[in-house]
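Beneath this line is the structure, given in structure tokens, with notes to follow.
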Amino acid sequence: MQINFKVAKVEDSKTIGSLVLELTNEICELTNAQHFNINLSSTIERCGELIRDGHYAAIIGEYQSKPIAVATLTETYALYAGGKIGVIQEFYVLPEARSFGVGAMLFEQVREYGKLHNWSCIELCTPPLPEFERTLNFYQSNGLTPVGGRKMRQALK
């Protein structure tokens, strides 16, 4: 399977938003809980603003010119990690493309992006377990190590 990867531009916001919405819908369906309250139009608009302002990046994987995978990234800093780090905010491969190694190829693209930007490490939060045990196994097989804890959130608006 020949996948073409590219770093997204503002014009790719609709593609990114659509794939992220599929990701959040899958998480909600598998966990039978409404973890997210997003809609496509505001997600596309927000994505464009974040990319344009340099707060957000994305790598899109395409097969035969059809988007099949996305990883969204932010850069931040952490003393415990030695300075500048990358955070994968969303990572998604269409279900029909998962058995072809697309996720591993996408993760390699993320690693290369991180090296190019001098990140000391890459971090992410897995979706809820045990429903996403396969996802955890995928990340571990691609070199990530669990460091404990759970993602927590408090809405401010």
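The values are calculated or read from the model by the stated rules, or taken from the named source; none is laboratory data. Everything numeric in this text was worked out from a predicted model, so none of it was measured. Neighbour counts run over all protein chains shown; Cβ positions are idealised from the backbone, glycine included. Just the protein is used for accessible areas: all its heavy atoms, side chains included, with ligands, DNA and RNA removed. Shrake-Rupley method; radii C 1.70, N 1.55, O 1.52, S 1.80 Å.
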So, in region 89-104, of the ones that are open to solvent by less than 30 Å² (accessible area, probe 1.4 Å) and of a type in the set (Gly, Ala, Ser), which residue ends up farthest from Cys47 (Cα to Cα)?
Ala97
The lone condition Glu112 fails out of (1) within 28 Å of Lys6 (Cα to Cα); (2) at pLDDT below 95 is (2)
When you scan region 27-40, how many residues do you find that are touching a helix residue (DSSP H, G or I) at 6+ places or on another chain (Cβ under 8 Å) and within 15 Å of Leu129 (Cβ to Cβ)?
1
Taking the criterion of being part of a loop (DSSP other than H, G, I, E, B), touching a helix residue (DSSP H, G or I) at 6+ places or on another chain (Cβ under 9 Å) and closer than 25 Å to Arg134 by Cα, would at least one residue in region 46-56 satisfy it?
no
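Search region 126-157 for residues being hydrophobic (A, V, I, L, M, F, W, C) and closer than 15 Å to Ala81 by Cβ, and hand back the single one that is surrounded by the fewest Cβ atoms within 10 Å (Cβ to Cβ).
Val147
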Every residue from region 95-125 that is under 21 Å from Tyr80 (Cβ atoms), in contact with a strand residue (DSSP E or B) (Cβ under 6 Å, 6 or more places away or on another chain) and not in a loop (DSSP other than H, G, I, E, B)
Val110, Gly114, Ile122, Glu123, Leu124
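For (1) more than 22 Å from Gln154 (Cα to Cα); (2) surrounded by 13 or more Cβ atoms within 10 Å (Cβ to Cβ); (3) at pLDDT 95 or above; (4) under 14 Å from the mean Cα position of the chain (by Cα), each residue gets a yes or a no:
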position	(1), (2), (3), (4)
Ile3	yes, yes, yes, no
Ala8	yes, yes, yes, yes
Ile16	yes, yes, yes, yes
Leu21	no, yes, yes, yes
Ile44	yes, yes, yes, no
Arg52	yes, no, yes, no
